[in-house]
Amino acid sequence: PPLPKGKTNVPEFAAGSHTFNDVFGCTRNPFNTSLTAGGSSGGSAAALATGQSWLSLGSDLGGSLRVPASFCGVVGLRPSPGVVPRSGSWKDCPGEFGLHSVN
């Protein structure tokens, strides 16, 4: 199995316009700490923007990857349904929650 390199921040229930939770606080934009990194994958986008990671995976229902990516100056890609095969991961997860997205 893959070994995790680190943990990024995500809002409670993985939903929100900025990345904040009561445990880890707010993820700031790596280029201007007075701004947010966006949400809900703001932690992943900030990690990519600062070179802590070269790839991040997540789900994107309403811009959860693409918005933080744009805030942090990286690319968020949400393939159209059916373009990336779902076999092998998240098989039991219905609908768009089972889509692969790459930050």
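Working carefully through the options PHE31, PHE71, PHE24, find the one that is open to solvent by 20 Å² or more (accessible area, probe 1.4 Å), of a type in the set (Phe, Trp, Tyr) and within 19 Å of LYS7 (Cα to Cα).
Going through PHE31, PHE71, PHE24 in turn, just one is open to solvent by 20 Å² or more (accessible area, probe 1.4 Å), of a type in the set (Phe, Trp, Tyr) and within 19 Å of LYS7 (Cα to Cα): PHE24.
Matching residues to (1) modelled with pLDDT of 85 or more; (2) crowded, with 17+ Cβ neighbours inside 10 Å; (3) part of a loop (DSSP other than H, G, I, E, B):
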{"residue": "SER44", "(1), (2), (3)": "yes, yes, no"}
{"residue": "GLY62", "(1), (2), (3)": "no, no, yes"}
{"residue": "PRO81", "(1), (2), (3)": "no, no, yes"}
{"residue": "SER89", "(1), (2), (3)": "no, no, yes"}
{"residue": "GLU96", "(1), (2), (3)": "no, no, no"}
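The values are calculated or read from the model by the stated rules, or taken from the named source; none is laboratory data. A quick note: this is a predicted structure, and the numbers were derived from the prediction, not measured. Neighbour counts run over all protein chains shown; Cβ positions are idealised from the backbone, glycine included. Side chains are part of the model used for accessible areas, which takes the heavy atoms of the whole protein and leaves out ligands, DNA and RNA. Shrake-Rupley method; radii C 1.70, N 1.55, O 1.52, S 1.80 Å.
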